[in-house]
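Report on the following structure.
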Amino acid sequence: MVNEVVKYHNDLNSVSMRNWTSEEMNFFFSIIAKIRDQSTREVSFNKESLADLASYSITHNKRFQDTIESLAKKVANIHYIERTSNSFELMNLFTKFKFEWNDDLSQMDATVKVSEEFEYIVNQLQVEFTTYELAEFTNISSTYAKTMYRLLKQWRTVGKKEFGINDFRRIVECPKSYSVSDIDKRILQPTLKELSPFFKNLHVKKIKKNTRGNPVTGYLFTWKAEKTEKWNENKFKEVSQKSYTTSHYKQFEQWLIDYHVIDNDDLEIIRQLEIEVFPFYQRIAEEKTLDDVARHIVYISNQSIKNVVPYLKKSAKNYWRDEISKRWGKQ
């Protein structure tokens with residue numbers, strides 16, 4: 001579901017998730033996206049809506065059930081400990097995380113409720129929060145990359161974030177046996193590859209101590225800072241279906257810029273896209289939905305593209321044919 005936005009307090013970024021699977025992370029933050037601004041009211045999901053949010057394809061009901069049960073056990077370990085000289089208090093994130101199903105598993109439903117103590121994490125956020133599109137997060141496969149995505153988004157308008165070597169090891173929870181070379185090969189290089197579509201000009205620099213051997217003491221991540229205007233939670237929601245060409249073309253252009261497929265100063269490329277690509281996107285929007293166009297743009301943002309216009313023209317044309325053939329039952 002491309003128009004869902006994950007928004008939560010930065011305190012949630014301190015939760016250890018290294019032993020979570022990619023699917024469990026997708027489901028968890030899909031739930032966070034759905035329950036925000038719901039106070040402590042119970043929120044329910046059926047399996048189809050939850051799977052849609054998390055970009056999960058249900059091919060086997062038992063596997064889906066096992067994944068949600070595993071998620072529930074990990075969610076049970078998300079808590080805050082407050083200790084004083086005379087007391088000890090442990091508070092859980094959720095007061096309820098219930099999962100129900102019928103005998104043949106054809107119907108499954110989840111019900112969650114945020115605890116009063118942790119309501120601030122997902123509700124009534126004004127200043128200190130992390131926000132990003134769920135479609136981006138669920139398209140990242142590596143759990144290392146997912147962790148870094150969440151953390152870097154916290155500094156999205158700053159354009160840089162430095163981690164000391166020990167803090168970095170703790171945050172990504174890599175094996176203690178990993179050398180600097182292992183971190184570079186198994187964590188940093190794959191992470192940069194996966195996150196580059198979402199952070200323009202993303203780079204990481206090793207910080208070294210000026211002593212014998214030049215040991216690495218930390219890492220500096222840099223990228224093009226996002227603009228600081230007020231976050232628009234409706235930018236992926238459908239606009240009025242009454243005014244098409246101009247408004248939709250601008251929307252297509254903005255999505256391609258937001259997902260770093262093109263730059264906003266690529267005026268000649270934008271002009272060519274309006275002639276050769278946007279007509280196909282327009283037909284998809286009219287005959288399907290704007291969500292289908294956005295879904296395609298999210299997909300291509302993860303591809304390696306050399307010649308933008310020819311690639312998008314072919315890809316958009318094929319995507320339009322595929323989507324329309326699905327609608328009319330053609331092969």
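The values are calculated or read from the model by the stated rules, or taken from the named source; none is laboratory data. Remember, it's a predicted structure, so these values are computed and weren't measured experimentally. Here the Cβ positions follow ideal geometry from the backbone for every residue, glycine too, while neighbour counts run over all protein chains shown.
Give the residue that is modelled with the lowest pLDDT, with candidates limited to residues of the range 72-96 that are in contact with a Lys or Arg (Cβ under 8 Å, 6 or more places away or on another chain) and closer than 30 Å to His60 by Cβ.
Looking at the filtered set, the residue picked out is Phe94.
Only residues that are modelled with pLDDT of 75 or more, out of contact with any Asp or Glu (no Cβ under 7 Å at 6 or more places or on another chain) and basic (Lys, Arg): list them for the range 279-330, please.
Selection gives Arg283, Arg295, Lys306, Lys314, Lys317.
Counting only residues that are at pLDDT 90 or above and under 15 Å from the mean Cα position of the chain (by Cα), give me the helices (runs of 4 or more DSSP H) lying completely in the range 123-198 with at least 3 of them.
Answer list for the range 123-198: 143-153, 189-195.
Being surrounded by 17 or more Cβ atoms within 10 Å (Cβ to Cβ), assigned to a helix (DSSP H, G or I) and of a type in the set (A, V, I, L, M) is the filter here, so list the residues in the range 249-268 that pass it.
Across the range 249-268, the qualifying residue is only Leu256.
Evaluate the following for Val114: is it at pLDDT below 85, in contact with a His (Cβ under 8 Å, 6 or more places away or on another chain) and either of a type in the set (Ser, Thr, Tyr) or assigned by TED's automatic domain parsing to the domain that holds Glu69 (or both)?
No.
Report, by residue number, each residue of the range 214-260 that is among the acidic types (Asp, Glu) and modelled with pLDDT under 55.
First, the residues of the range 214-260 that are among the acidic types (Asp, Glu): 226, 229, 233, 238, 253, 258.
Across the range 214-260, the qualifying residues are Glu229, Glu233, Glu238.
Would you confirm, using the coordinates I've provided, whether Phe221 is of a type outside the set (S, T, N, Q), surrounded by 13 or more Cβ atoms within 10 Å (Cβ to Cβ) and not in a loop (DSSP other than H, G, I, E, B)?
Criteria met by Phe221.
Taking the stated definitions as given, is Lys161 free of Cβ contacts under 8 Å to residues at least 12 places away in the same chain and not assigned by TED's automatic domain parsing to the domain that holds His260? Break it down into steps so the answer makes sense when it comes.
Numbers: free of Cβ contacts under 8 Å to residues at least 12 places away in the same chain: no; not assigned by TED's automatic domain parsing to the domain that holds His260: yes.
The answer is no for Lys161.
List the pairs whose first member sits in the range 56-78 and is over 14 Å from Met25 (Cα atoms), whose second member is not in a loop (DSSP other than H, G, I, E, B), and whose Cβ atoms are under 6 Å apart, counting only residues at least 6 apart or on separate chains?
Cβ pairs passing all conditions: Ile58/Ala51; Ile58/Phe64.
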